[in-house]
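*Asks:* One structure coming up, written as structure tokens, with questions to follow.
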Amino acid sequence: MSRTPLSPQPTAPIGLGAAFFRATLYILLIAALLQGIYYEALYLPARRSFAEQGFTELCQSIVLAASALLLCTPPARRELPTVSLLLLALIVASLIREQDYYLDKHIFDGAWQLLVTLTLLPCLSFVLWRRQRFVNEFEAYSNSFSFGLFASGFLVTYVFSRLYGRSEMWMAILEDHYQRTFKEAAEEITELLGYSLILIAIIELVLLARRWQQARSTP
């Protein structure tokens, strides 16, 4: 039996202490990532910095994997099943894309495109099949802090970083001093920032779903 269409749930406001604690953790996360990037640039040769086996690329995969695992938790699956599925498909597709070097080298050229297609198509088909449910969930989710963060992370990762990391731009900025490392650093660091915003958004989504569950169970 299908569930009652989802509507925005009444939830207790987030206390100042809890908001401050979460903000502090998010600040520490971003600071730790940037410190790691600094050490990568400081200690790795230029030809290896921001490459496939570098700290920045590794952190991108870890952040994406953590986001995917959080979307599989019971609160997200129960309260926002179709929204969570769509976000999960996007994040898993991004995680696969980050492994393109290894997939092309050890499996076959173009393997990541095939895997991304096999990930996205079934999920998109299911969301379209349950489109009314998705619309109801999206209306409830779109007014949340989590959605704003996710939209920001999406724009930073999939729009800004791609345009900011163009070789032509960095050639114009650096002129005769252009080196590919500058371009790669700009693109990969910005991409990691976007993925980090998405991770924070998914954490907030899970917490929001838990508050909805608690509000529903409270008389």
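*Asks:* Which of the chymotrypsin sites (Phe, Trp or Tyr not before Pro) across the stretch 75-167 are loop residues per DSSP, with 11 or fewer other Cβ within 10 Å? Don't skip to the answer; put the middle values down first.
*Replies:* Numbers: sites: Tyr101, Tyr102, Phe108, Trp112, Phe126, Trp129, Phe134, Phe138, Tyr141, Phe145, Phe147, Phe150, Phe154, Tyr158, Phe160, Tyr164; in loops: Phe108.
Taking the stretch 75-167 and a limit of 11 other Cβ atoms within 10 Å, the loop chymotrypsin sites (Phe, Trp or Tyr not before Pro) found are Phe108.
*Asks:* So, with a 1.4 angstrom probe, what is the percent of accessible area on the stretch 54-140 that is carbon and sulfur? Please list the in-between numbers first.
*Replies:* On the way: 3200 of 4510 Å².
Using a 1.4 Å probe with all protein chains present, the stretch 54-140 comes out at 71 percent carbon and sulfur.
*Asks:* Please sort 26-36, 67-77 by packing, taking for each peptide the average over its residues of neighbouring beta carbons within 10 angstrom, highest first.
*Replies:* On the way: 26-36: 13.5, 67-77: 17.5.
In decreasing order of mean packing, 26-36, 67-77 become 67-77, 26-36.
*Asks:* Ok, one more. 222 nm [θ] for the chain, helices only, -39500 (n - 2.57) per DSSP H run of 4+, per residue, to 500? Display every interim value, and only then the final one.
*Replies:* Details: 11 runs with 167 residues, N = 219.
Computed mean residue ellipticity for the chain: -25000 deg cm²/dmol.
*Asks:* Let me ask something else. Would you please classify the overall shape of the stretch 17-98 from the alpha carbon gyration tensor, given that a ≥ b ≥ c denote the square roots of the eigenvalues, rounded means a/c under 1.5, and beyond that prolate means a/b larger than b/c while oblate covers the rest? Can you show the working numbers first?
*Replies:* Working: a/c = 4.58, a/b = 1.48, b/c = 3.09.
Oblate shape, in that a/c is at least 1.5 and b/c is the bigger or equal ratio.
*Asks:* Here's something else I'd like to know. In whole Å, how far is the Cα centre of the stretch 78-125 from that of the stretch 154-219?
*Replies:* Each part's Cα centre sits 18 Å from the other's.
*Asks:* Follow-up. How large is the charge dipole for the chain, taken about the Cα centre, if only the Cβ atoms of Lys, Arg (+1) and Asp, Glu (-1) carry charge, to the nearest 20 debye? Intermediate results must be reported in sequence, preceding the final value.
*Replies:* On the way: 18 positive and 18 negative charges, 221 e Å.
Roughly 1060 debye, rounded to the nearest 20.
*Asks:* Stretch Phe145-Leu118 to full length: gain in nm at 0.36 nm per residue minus the Cα-Cα span? It would help to have the intermediate numbers written out before the result.
*Replies:* Values: separation 27, 0.36 × 27 = 9.72 nm, distance 3.09 nm.
So the chain would gain 6.6 nm between Phe145 and Leu118.
*Asks:* Measure nothing but the geometry: give the 0 to 90° angle between the long axis through the Cα atoms of 81-98 and the longest principal axis through the Cα atoms of the chain, rounded to 10°.
*Replies:* The angle comes out at about 10 degrees.
*Asks:* Please compute the contact order of the chain in relative form: average sequence separation of alpha-carbon pairs under 8 Å and at least six residues apart, divided by the residue count, as a percent. All intermediate terms of the calculation are to be shown ahead of the outcome.
*Replies:* Working: 218 pairs, mean separation 67.1, N = 219.
Reported as a whole number, the value is 31 percent.
*Asks:* In addition: Calculate, in nm to one decimal, what His106 and Ile27 gain on full extension: separation in residues at 0.36 nm each, minus their alpha carbon distance.
*Replies:* Numbers: separation 79, 0.36 × 79 = 28.44 nm, distance 3.73 nm.
That pair, His106 and Ile27, stretches by 24.7 nm at full extension.
*Asks:* Another question about this same structure. Determine the per residue accessible area of the stretch 45-199 with all protein chains present and a 1.4 angstrom probe, expressed in square angstrom.
*Replies:* About 54 Å² of surface per residue is accessible.
*Asks:* Please compute the volume of the convex hull spanned by the alpha-carbon atoms of the chain and report it per residue in Å³. Intermediate results must be reported in sequence, preceding the final value.
*Replies:* On the way: hull volume 31.7 nm³, N = 219.
Expressed per residue, the convex hull around the Cα atoms of the chain is 145 Å³.
*Asks:* Heads up, I need the accessible area for Asp109: 1.4 angstrom probe, whole protein in place, Å², nearest 10.
*Replies:* 130 Å²
*Asks:* For Ile96, Ile91, Ile62, give the ranking by accessible area with the largest first, probe 1.4 Å. Can you show the working numbers first?
*Replies:* On the way: Ile96 30, Ile91 5, Ile62 100 Å².
Per-residue accessible area, sorted high to low, gives Ile62, Ile96, Ile91.
*Asks:* How much length is gained on full extension from Glu175 to Gln213, taking 0.36 nm per residue of separation minus their Cα-Cα distance? Numbers along the way, then the final one.
*Replies:* On the way: separation 38, 0.36 × 38 = 13.68 nm, distance 5.62 nm.
Residue separation times 0.36 nm, minus the Cα-Cα distance, leaves 8.1 nm.
*Asks:* Hey, another quick one. To the nearest 10 degrees, how steeply does helix 16-43 sit against the main Cα axis of the chain, on a 0 to 90 scale?
*Replies:* Value to nearest ten degrees: 20.
The values are calculated or read from the model by the stated rules, or taken from the named source; none is laboratory data. A quick note: this is a predicted structure, and the numbers were derived from the prediction, not measured. Cβ sites come from the backbone with ideal geometry, for glycine too, and all protein chains shown count toward neighbours. Note: accessible area is taken over every heavy atom of the protein model, side chains too, but ligands, DNA and RNA are not part of it. Shrake-Rupley method; radii C 1.70, N 1.55, O 1.52, S 1.80 Å.
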